[in-house]
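Some notes on the structure that comes next.
The values are calculated or read from the model by the stated rules, or taken from the named source; none is laboratory data. Not measured: the values here are computed from a predicted model. Cβ sites come from the backbone with ideal geometry, for glycine too, and all protein chains shown count toward neighbours.
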Amino acid sequence: MTEGNDERHTVQPQVQLLLDLEHVSKIYGDVHALDDVSLQVNEGQWLAVVGSSGSGKTTLMNILGCMDTPSQGSVRLSGKALEDMSQSQLTDIRKDVIGLVFQKFYLVPHLTALENVMVAQYYHSVVDQDQAMRALERVGLVDRSHHLPSELSGGEQQRVCIARALINEPKLILADEPTGNLDEANEKLVLELFQQLHEQGTTLIVVTHDALVASCAQREIMLSHGQLVGEHWNDDHAHQAYLAAGGRSALADVSGGIPVDLLTEDLPVGFTGSVEEGVPRSISQQ
């Protein structure tokens, strides 16, 4: 019995990468919105991206969401290089693989909650009202399905957006400040929905300024001036399993050339500004 237990603890599954970024930069003239970012995200991971305004978070999300392309480097999604795809192929990726949730709700004002969810189905040329209703049921809004956005609270509107993002059963949910316009009660409801999605195996990448939202994720990374300068794991078991199966630290490819002034700004809880050869270390690396 002991041997069997030991075997279960020592055998580790292989990391199934969903995203693999290698030396990704986005350059506008003299400005590096992203600067040599390398990052791996395995399937089912919940990742929070933190950093101050102008740090490159939205640029990173736009590239991951196939709404922009890198100036340099490679982005692979399920093993396929996005930079080699046509615009038509990238559109297919967005509608088949990715669900997008924004801080602004982007709901059509003259459509009901149900119809706003069904809008996403038109991209597949298949409209299924029952499926859309089930998506609203998942976010607890069946009884509000025939209300216009103006008749819904901010939290209810955001949950409609999440239902819309879920309608095509994406592998990856990208959420940009999803709780930024919500009060505490509605923030809690959205985080509970994200937890349910995570438990069901959906990969979540959430950009946030909110320390509470970030702490709900398994893993946090920090961007500053387009560079990846910090990493912290909130789930030690997931971290150890990730490393044991060959996963790479977000700081593994970071050179020692990060200016010291980038390391002196306030870091989120769980990060440290201590420097080793010019590179900040997360608590998980100490």
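Residues in the stretch 147-180 that are farther than 17 Å from Met61 by Cβ and not in a helix (DSSP H, G or I): His147, Leu148, Leu152, Ser153, Ile167, Asn168, Glu169.
Tell me yes or no: at least one residue of the stretch 109-119 is of a type in the set (Gly, Ala, Ser), in contact with a Lys or Arg (Cβ under 6 Å, 6 or more places away or on another chain) and either loosely packed, with under 14 Cβ neighbours inside 10 Å or at pLDDT 90 or above (or both).
So far as the stretch 109-119 goes, yes, one or more of its residues are of a type in the set (Gly, Ala, Ser), in contact with a Lys or Arg (Cβ under 6 Å, 6 or more places away or on another chain) and either loosely packed, with under 14 Cβ neighbours inside 10 Å or at pLDDT 90 or above (or both).
Scanning the stretch 215-235 for residues that are touching a His at 6+ places or on another chain (Cβ under 9 Å) and in a strand (DSSP E or B) turns up Arg219, Glu220, Ile221, Met222, Gln227, Trp233. The residue of the stretch 169-221 that is farthest from the chain's Cα centre (by Cα), among those that are surrounded by fewer than 18 Cβ atoms within 10 Å (Cβ to Cβ) and basic (Lys, Arg), is Lys188. When Ala250 is tested against (1) under 25 Å from Leu100 (Cβ atoms); (2) touching a Leu at 6+ places or on another chain (Cβ under 6 Å); (3) modelled with pLDDT under 60; (4) of a type outside the set (Val, Ile, Thr), just one condition goes unmet, and that condition is (3). Mind listing just one residue for me: the one in the stretch 129-146 that is outside any helix (DSSP H, G or I) and in contact with a helix residue (DSSP H, G or I) (Cβ under 6 Å, 6 or more places away or on another chain) and, of those, surrounded by the fewest Cβ atoms within 10 Å (Cβ to Cβ)? Restricting to residues being outside any helix (DSSP H, G or I) and in contact with a helix residue (DSSP H, G or I) (Cβ under 6 Å, 6 or more places away or on another chain), the top hit is Ser145. Scanning for something in a helix (DSSP H, G or I), among the small types (Gly, Ala, Ser) and without any contact (Cβ under 8 Å) to a residue 12 or more places away in the chain, does the stretch 114-121 turn up at least one residue? No - not one qualifying residue is present in the stretch 114-121.
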